[in-house]
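The structure under discussion appears below in the form of structure tokens.
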Amino acid sequence: GAVVSQHPSWVICKSGTSVKIECRSLDFQATTMFWYRQFPKQSLMLMATSNEGSKATYEQGVEKDKFLINHASLTLSTLTVTSAHPEDSSFYICSAATSGGYAGELFFGEGSRLTVL
Amino acid sequence: QQPVQSPQAVILREGEDAVINCSSSKALYSVHWYRQKHGEAPVFLMILLKGGEQKGHDKISASFNEKKQQSSLYLTASQLSYSGTYFCGTELNNTNAGKSTFGDGTTLTVKP
């Protein structure tokens, strides 16, 4: 199946700093990628839809200025957590759907665990 | 609108069967199932698009009822590797491909 790679797998940072997480589709082009946040033992919460070449679409309650998303190419989307605070600590996951003939299968990255001290 | 999954958790012995349900108050365009191991990303299991559809792979199968409001995941003769949290993801239409809403998950523990 298609492969989505996320980097870094984990990051620890100090409060007030910004952290960038990359999501790459390795063997296919993804016009759309999705970013989720997952708290322990909870479901995946969709944060935003990342569209190649245009602005991301954020879900209600997600701060656009806090979570910057850039989809610069058909294989790369980045999520930047700006001025991170301890409450931003979470597991962040991206996913992508193969473009063309989409049949509902989402390919997930490995996830990035952010810990803000 | 978030689908409702049941049960929240189930503990099995190796070789036993389990059923996990995913229900929606509205007719769905699609249902897909994922398994997530602790600390890892979810892995796609299967997708159902048609009312009355049933499909499976190895000893894991799923069904989608005729009204397309409920799906069930069947795990037969469970193996230790089946342990994990199972999520159903649902889509109400095909206008936003991939934009799924996930249930809260069902934690499956298979013991020797």
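The values are calculated or read from the model by the stated rules, or taken from the named source; none is laboratory data. All values derive from a computational prediction rather than experimental measurement. Heads up, the Cβs are rebuilt from the backbone with ideal geometry, glycines too, and the neighbour counts pull from every protein chain shown.
Annotations
- All positions within segment B:57-75 that are of a type outside the set (D, E, K, R) and either loosely packed, with under 15 Cβ neighbours inside 10 Å or more than 24 Å from B:I11 (Cβ to Cβ) (or both): B:H57, B:F64, B:N65, B:Q69
- Once segment A:27-38 is narrowed to residues that are more than 10 Å from the chain's Cα centre (by Cα) and in a strand (DSSP E or B), the residue that is surrounded by the fewest Cβ atoms within 10 Å (Cβ to Cβ) is A:Q38.
- Test: residue in segment A:11-20 that is within 14 Å of chain B (Cβ to nearest Cβ) and either closer than 18 Å to A:L114 by Cβ or under 12 Å from the mean Cα position of the chain (by Cα) (or both): no
- Only one entry in B:K55, B:K67 is of a type in the set (K, R) and away from every other protein chain (no Cβ under 14 Å), namely B:K67.
Conditions tested, residue by residue: (1) of a type in the set (K, R); (2) farther than 26 Å from A:E110 by Cα.
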{"residue": "B:Q2", "(1), (2)": "no, no"}
{"residue": "B:V10", "(1), (2)": "no, no"}
{"residue": "B:D17", "(1), (2)": "no, yes"}
{"residue": "B:S23", "(1), (2)": "no, yes"}
{"residue": "B:H32", "(1), (2)": "no, no"}
{"residue": "B:K37", "(1), (2)": "yes, no"}
{"residue": "B:S63", "(1), (2)": "no, yes"}
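- Single condition B:A41 does not satisfy, out of (1) aliphatic (A, V, I, L, M); (2) more than 12 Å from chain A (Cβ to nearest Cβ); (3) free of Cβ contacts under 8 Å to residues at least 60 places away in the same chain; (4) not in a strand (DSSP E or B): (2)
- Checking the stated criteria, B:G89 turns out not to satisfy the condition of being facing chain A (nearest Cβ under 9 Å), closer than 21 Å to A:Q42 by Cα and at pLDDT 95 or above.
- Among (1) farther than 29 Å from B:Q2 by Cα; (2) crowded, with 20+ Cβ neighbours inside 10 Å - the single one A:T17 does not satisfy: (2)
- Residue match in segment B:56-78 (condition: polar (S, T, N, Q), closer than 30 Å to A:H7 by Cβ and either part of a strand (DSSP E or B) or touching a Cys at 6+ places or on another chain (Cβ under 6 Å) (or both)): no
- Exactly one residue out of B:E14, B:E66 is farther than 19 Å from B:N94 by Cα and among the acidic types (D, E), and it is B:E14.
- Residue in segment B:10-26 that is exposed (fewer than 15 other Cβ atoms within 10 Å of the Cβ) and closer than 30 Å to A:A48 by Cα present: yes
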